[in-house]
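Here's the structure we're looking at; comments come further down.
The values are calculated or read from the model by the stated rules, or taken from the named source; none is laboratory data. Because the structure is a prediction, the values reported are computed rather than measured. Glycine also receives a Cβ, built like all others from the backbone with ideal geometry; neighbour counts cover every protein chain displayed.
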Amino acid sequence: MNPEHYFVLKSGESIKSLEELILFLKNMDKETFEYHVNDAKNDFANWMRYVFKASKLADKIADYSYQDRKHIISLIERHLKELKVLVVNAGSSSLKFQLIEFHSRDVLFSGIIDAINLDNCKMTIFFDEIKELKVSVKNHEEAIKLLLDSMLEHEIIGNINDIKAIGHRVVHGGEYFKEPVIIDNDVISKLELLSNIAPLHNPPNVACIKACQKLVSIPQVTVFDTSFHHTIARDKYLYGLPYDFYNKYKIRKYGFHGTNHKYITKLLMEYYKIKKKKNPKFIICHLGNGCSITAVKNGKSFNTSMGFTPTDGLIMGTRSGSLDPYIAVHLEKILGIGYDELGKILNKQSGLLGISGYSDMRMIRKYQREDRCKLAMDMFADRLTHYIGAYIAELNGVDGIAFTAGIGENAHYIRKKVLDNFRFLGLRLDPKKNLKNDFIITRKDSKIEVFVIKANEELQIAEETKRLLKL
């Protein structure tokens, strides 16, 4: 620390750090304490606020007196033990972020930098209140720098080293990565190779990792959306294509949304442990703008709806979901289009948007009397019913079904539409609990329990990062 920032006591002694302040406070006499802390001033709180940018800590200790020294010390010790992990999720033109403090499980700072390298680029932060700022950001390196500067400016951190680790959400780990890994040059090289099978997702993930490496010296971890699904058996992940296509090009089902599926799995396994239910079987419906369903057996992914890419499976906000593969070949021929244009149709112009004109289920619900909106809801519920039914058969029965993510957590009307199809299995929905999005939305006499659980991929990434780095 710069000597200009040392705390100089009445006696002339200097305190160089908060750790040293604790030692001095333990033996400080009343006269010295009250010289620095009285009705007119609080030198200790001001030092914390202006030198260490620890405004919350300064506010907490500001009103304590000499008799409260033990409590002041405990608050400083708790502050020093704080473990801040930055979680980042880079898209092709966006950067989502959360700064998580582990001991309190508080999200200290979160938001998104959107439309990177476009004229309408903006930064939205959720801190005390929602704040939107028009910004000029050309690439992910500038986005990371803006994020770090914003946390310093808002005094979320005193300096960059307050962040102990960075956890990256990386969409595709291929067959290289079955677990989260600490980032090094070999990991980056493998991620770049995987860009061939994840051209939309891995390049911005790598760009963000390299930007962090350039700007800060903080340990980094990658957590993969695909890794949770590596327990799926070969007969379920292979396609009916020539086997050499798998050997040479690694074409297989990978599955995605694995970070949140793993988070929900962990919570449900804890629930069933309390219920003393051994080897539970359950189905997780992750329904947001992207949608996937995973069958879980003995705490492991047994099968999942997304495949080689996140376009497979359910109808989604703008993605088509499963379709006859020859439709793509036919469209290429009759429209005279290539790979990029076809990918745009399947990923950006299809799904709920393609059917109804709206990608947001709330808008579709609002205009449900219109034929195409009603049709979109019916198709969405039909595909959900199809996969849930298939997975119940594959699991040879089911103990529970969980709904998570935006639509899953809030669209009670979709849940009812789907779950009423399983009354023949003894599933009994409680209408009031379903309407309120309760944790359990089935009646006590229901043979299958249904849960509504808030998605929290960021916390799962932070936990994986903490575990791997042994923080």
>> Please go through (1) assigned by TED's automatic domain parsing to the domain that holds Leu21; (2) surrounded by fewer than 18 Cβ atoms within 10 Å (Cβ to Cβ) for Glu101 and return the number of the only condition it doesn't satisfy.
In response: (1)
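Residues are listed down the side, and each one gets a yes or a no for (1) closer than 19 Å to Lys466 by Cβ; (2) at pLDDT 90 or above; (3) in contact with a Leu (Cβ under 8 Å, 6 or more places away or on another chain):
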residue: Ile72; (1), (2), (3): no, yes, yes
residue: Lys84; (1), (2), (3): yes, yes, yes
residue: His103; (1), (2), (3): yes, no, yes
residue: Arg169; (1), (2), (3): yes, yes, no
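Tell me which residues, restricted to the stretch 191-202, are assigned to a helix (DSSP H, G or I) and surrounded by fewer than 17 Cβ atoms within 10 Å (Cβ to Cβ).
Answer for the stretch 191-202, where residues must be assigned to a helix (DSSP H, G or I) and surrounded by fewer than 17 Cβ atoms within 10 Å (Cβ to Cβ): Glu192, Leu193, Ser195, Asn196.
For the stretch 10-23, state whether one or more residues are farther than 19 Å from Glu77 by Cβ, assigned to a helix (DSSP H, G or I) and touching a helix residue (DSSP H, G or I) at 6+ places or on another chain (Cβ under 6 Å). If you could, list the steps in order and put the result at the bottom.
From the stretch 10-23, those farther than 19 Å from Glu77 by Cβ are 10-14; that's our starting set.
Remaining after also requiring assigned to a helix (DSSP H, G or I): none.
Within the stretch 10-23 (the criterion being farther than 19 Å from Glu77 by Cβ, assigned to a helix (DSSP H, G or I) and touching a helix residue (DSSP H, G or I) at 6+ places or on another chain (Cβ under 6 Å)), the answer is no, since none of the residues qualifies.
Specify the residue that is nearest to Ile441 (Cα to Cα); the eligible residues are those in the stretch 452-471 that are part of a loop (DSSP other than H, G, I, E, B) and not small (Gly, Ala, Ser).
Of the residues in the stretch 452-471, the ones part of a loop (DSSP other than H, G, I, E, B) are 453-456, 470-471.
Then keep just the ones that are not small (Gly, Ala, Ser); that gives 453-454, 456, 470-471.
Values: Ile453: 11, Lys454: 14, Asn456: 20, Lys470: 38, Leu471: 37 Å.
That would be Ile453.
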>> Residue under question is Phe308, and the condition is that it be of a type in the set (Phe, Trp, Tyr), buried (at least 24 other Cβ atoms within 10 Å of the Cβ) and either in the same structural domain as Ile345 (by TED's automatic domain parsing) or out of contact with any Ser or Thr (no Cβ under 8 Å at 6 or more places or on another chain) (or both); does it hold?
In response: no
> Across the stretch 54-97, which residue is nearest to Val171 (Cα to Cα) among those that are in a strand (DSSP E or B) and of a type in the set (A, V, I, L, M, F, W, C)?
Replying inline: Ala90
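Criterion first (on the phi < 0 side of the Ramachandran plot, crowded, with 16+ Cβ neighbours inside 10 Å, of a type in the set (Phe, Trp, Tyr) and assigned by TED's automatic domain parsing to the domain that holds Asn289) does Tyr358 satisfy it?
Working: on the phi < 0 side of the Ramachandran plot: yes; crowded, with 16+ Cβ neighbours inside 10 Å: yes; of a type in the set (Phe, Trp, Tyr): yes; assigned by TED's automatic domain parsing to the domain that holds Asn289: yes.
Taking the combined requirement at face value, the residue satisfies it.
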>> So, in the stretch 384-441, how many residues would count as being touching a residue at least 24 places away in the same chain (Cβ under 8 Å), among the small types (Gly, Ala, Ser) and surrounded by fewer than 19 Cβ atoms within 10 Å (Cβ to Cβ)?
In response: 3
>> I need every pair where a residue in the stretch 149-168 that is under 14 Å from His79 (Cβ atoms) has its Cβ under 8 Å from the Cβ of a residue that is of a type in the set (Gly, Ala, Ser) and part of a strand (DSSP E or B), sequence separation at least 6 or different chains.
In response: none
